[in-house]
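Colleague: Quick one: the structure is below, questions incoming.
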Amino acid sequence: MSIPNTIRTPLLFVEFDSSRAFQGPAVLQYKALIMGQRLSTGTKLATSVDRITDASIARKYYGPGSQLAFMCAAWLNNNKVTELYAASVADASAGAAATTTLTVTGTATAAGTICLYVAGKRITIAVANGDVQNNIAAAINAAITTDYPVSSGVLTNVVTLTARNDGTDGESIDVRLNYNSGEELPDGVSIAIAADAVGATNPDVSDILDILGDEWYNVIVCPWTDDTNMDLLETELADRYGYARMIDGVGVAAYKPPRATSDKATALTALSAYGNARNSPHTVVFGCYKHLEMASEIASASAARMAYEASVDPARPFQTLELTGIHGPAVVERFTNTELNTLLTDGVATLYVDQAGAVRIQRAITTYQTNSAGAPDIAYLDSNTLFTLMYLRYSFRARILAKYPRAKLADDDTRIVPGQSIMTPKIGKAEAVAWARQMEELGLVENIDQFKADLTCVRSISDPNRLDWVLPPDLVNQFIVGAASIQFLLQSPAA
């Protein structure tokens with residue numbers, strides 16, 4: 001009560017106190033950040049953090065066809081609920097853009113349609129009977145608008161597609177013909193597709209990290225998987241995870257081997273090597289091979305589904321979640337279960353394609369594999385652990401700060417008049433147990449009796465104004481692997 005005892009005016013004074021109005025667990029509102037590259041055609045020409053509510057806003061801010069515009073669209077295809085922000089940087093000054101050539105030969109002997117896919121975006125080009133190769137190439141060139149992540153140029157019968165943004169993500173732009181069944185080139189026409197110039201040199205992610213301050217983003221999507229940028233991101237995430245800042249977030253990226261990768265076996269080796277070179281509990285890197293969309297789009301779509309589901313229940317595994325708008329590899333290009341398991345043992349999160357062709361999350365593991373001593377460690381294997389801890393810390397802090405915002409601190413044996421705002425070790429311990437019971441009801445922790453036995457709450461011997469808790473929650477795990485043995489009989493003994 002804040003009504004002072006010094007009032008002498010005759011009246012009945014009544015105040016309102018909202019401290020007990022809500023008794024349920026705290027609600028953590030997720031915020032997400034997508035980092036990416038812009039184009040000079042956008043209205044945002046300096047690095048800033050912008051609220052994104054629609055894909056059209058991203059196209060306006062960062063330029064049609066830009067990496068970041070496509071990433072925002074991929075997110076919004078999968079999650080329109082989580083509060084979304086984006087931060088852009090320009091291409092690196094020494095960057096190089098990936099290019100792909102399409103060489104058209106022959107003359108059409110029948111009318112037909114060319115079905116060209118650029119980063120999963122389908123382009124149809126009508127071909128009339130008698131069209132010659134140069135005219136067909138010109139028609140392909142004309143069909144490449146700002147709706148695609150490449151610009152186009154044509155010289156006689158050769159069309160050159162150039163990634164609109166420099167950097168290694170351009171290497172993940174898949175260009176192919178006739179992805180869907182029933183699609184085929186017009187009779188008499190051939191088109192050879194070849195990777196040409198290599199995309200290289202990414203921007204510096206620190207240009208974005210430097211402006212974030214202490215704004216809390218629960219999920220951060222990074223399109224750059226080079227060692228320099230990943231090291232910087234992991235360092236920032238580790239710092240945010242610590243007690244001094246407590247604004248922890250999970251970084252999500254996707255790695256697709258360069259276009260020069262010759263076959264699936266080589267791609268598997270490249271992905272495993274990439275995963276084994278990283279070891280952070282704060283990042284999830286999805287391995288991709290021959291998926292049609294850019295790696296940055298796949299990262300954004302995956303992060304969007306993870307963010308939405310984690311905000312609902314951080315402990316529930318992400319397996320089977322569909323990535324809307326993402327196209328999987330052809331059947332012969334897909335990794336087998338054995339190959340996917342190899343990636344999961346090497347710190348690479350995995351996707352799979354179901355019977356209907358939908359791309360789904362198989363397991364969203366982090367890159368964390370060994371502890372500081374170099375020994376194998378599964379403490380942070382699954383990203384659900386990070387999301388669950390994120391909520392547990394937030395909810396415990398919210399409970400204590402809401403109920404004891406200006407409390408005094410005293411020993412357990414102190415005689416206290418009812419109504420006092422005061423904290424003691426016994427009260428602190430009781431609050432911790434009550435909190436754990438709430439978390440148990442939410443399905444986030446288990447074995448509360450053991451929690452009570454291991455829980456400690458004591459006053460600090462060095463600071464009289466400090467109360468120290470040691471909270472030992474037993475996190476609920478995820479049902480990911482099931483094992484059964486079918487011991488069959490050919491004839492029952494009873495028969």
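Colleague: Which order do the peptides 360-368, 106-114 take when ranked by the mean count of other beta-carbon atoms within 10 Å per residue, highest first?
Modeller: Output ranking for 360-368, 106-114: 360-368, 106-114.
Colleague: A further question follows. List the relative contact order of the chain as a percent without decimals, with contacts defined as Cα pairs under 8 Å and 6+ residues apart.
Modeller: The value is 13 percent.
Colleague: Quickly rank 391-399, 347-355 as a protection proxy: mean count of other C-beta atoms within 10 Å, highest first.
Modeller: Averaged packing, sorted descending, gives the order 347-355, 391-399.
Colleague: If you work out percent of Cα pairs over 42 Å apart from the coordinates, which of (i) 32; (ii) 24; (iii) 15 do you get?
Modeller: Among (i) 32; (ii) 24; (iii) 15, the one derived from this structure is (i).
Colleague: Between Asp147 and Gln478, how high is the FRET efficiency from 1/(1 + (r/R0)^6) when r is the Cβ-Cβ distance and R₀ = 35 Å? Nearest 0.05.
Modeller: 0.35
Colleague: Arranged from highest to lowest average of other beta-carbon atoms within 10 Å per residue, in what order do the peptides 70-83, 456-469 appear?
Modeller: Order by mean packing, descending: 70-83, 456-469.
Colleague: Relative to the Cα centre, what is the charge dipole magnitude of the range 405-495, using +1 at the beta carbon of each Lys and Arg, -1 at the beta carbon of each Asp and Glu, and rounding to the nearest 20 debye?
Modeller: 320
Just so you know, all these numbers are worked out from the coordinates, no wet-lab data involved. What you see is a predicted model; the values in this text were computed from it and never measured. Quick reminder, even Gly has a Cβ in these numbers, built from the backbone with ideal geometry, and neighbours come from all protein chains shown.
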